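K.L.:
Have a look at this one before I ask anything.
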Amino acid sequence: MSELINFLAYAVNGKKYIPKRDTNYIELYDEAAKHNVQFIIFGAIDKESAPKDVYEQWEKAAASVIVATAYKRRIFEELLKKLDKNNIKAVMVKGFTLSDLYPIPNARVIVSVVDLITDIADRDAFNAIMLNS
């Protein structure tokens, strides 16, 4: 757990972390995944000090999350355009759509749930758009 904290501390500061002792990167990944921070600390892993095969697997996993998030953003933008076209106002409460507001935007990359709040008067129209999207 202490290595996870070290990696997180360096990731928050945008720096690479080179452990002073041997680190089991598979265990590190498993521990990070338990706390849903595996892709945050990926940025702190020094490519040269990590085992190549483990680093490449981690890199592929991170890339797939980024691609999936880009797809979700595109779909979400289409939904917002439909809501706007129908004069339905919606407030985003959480999720990847708010990632730019975070000190480390990538901290919100893997959160795919977005809550929207709308006026109760727009509920039926909102539900119809959601069901057809």
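What follows draws every value from the coordinates through simple rules; no lab data is involved. Every value quoted in this text rests on a predicted model; they were computed, and no experiment measured them. Backbone-built Cβ (ideal geometry, glycine too); neighbour counts: all protein chains shown.
K.L.:
For the range 17-64, what D do you get in µm² per second when you plug the Kirkwood radius from alpha-carbon pairs into Stokes-Einstein at 10 °C and 1.306 mPa s?
P.N.:
Estimated diffusion coefficient is 146 µm²/s.
K.L.:
With only Lys, Arg, Asp and Glu charged, each at its Cβ (+1 for the first two, -1 for the last two), find how big the charge dipole of the chain is about the Cα centre; round to the nearest 20 debye.
P.N.:
Approximately 300 debye in magnitude.
K.L.:
Starting from 0.36 nm per residue, how many nanometres of slack lie between Ile120 and Glu27 once their C-alpha separation is accounted for?
P.N.:
Gain in length upon complete extension: 28.7 nm.
K.L.:
Starting from the Kirkwood radius over alpha-carbon pairs of the chain, derive D by Stokes-Einstein at 37 °C in a medium of 0.692 mPa s and give it in µm² s⁻¹.
P.N.:
After rounding, the answer is 194 µm²/s.
K.L.:
Taking 7 Å along the Cα-to-C-beta vector as the label spot, tell me the Met130-Val67 distance in nanometres, rounded to one decimal.
P.N.:
That separation, rounded to one decimal, is 3.0 nm.
K.L.:
Given Cβ point charges of +1 (Lys, Arg) and -1 (Asp, Glu) and nothing else, what value in debye, to the nearest 20, does the dipole of the range 20-59 about its Cα centre take?
P.N.:
140
K.L.:
Once amide H atoms are built 1.01 Å from N in the peptide plane, which residues 5 or more positions from Ile45, or in another chain, come under 5 Å H to H?
P.N.:
Answer set, sorted by chain and number: Tyr17.
K.L.:
Using +1 at the C-beta of Lys and Arg and -1 at the C-beta of Asp and Glu, which of Met130, Ile66, Ala33 has the Cα lying farthest in the positive direction of the dipole of the chain?
P.N.:
Positive-most Cα among the choices belongs to Met130.
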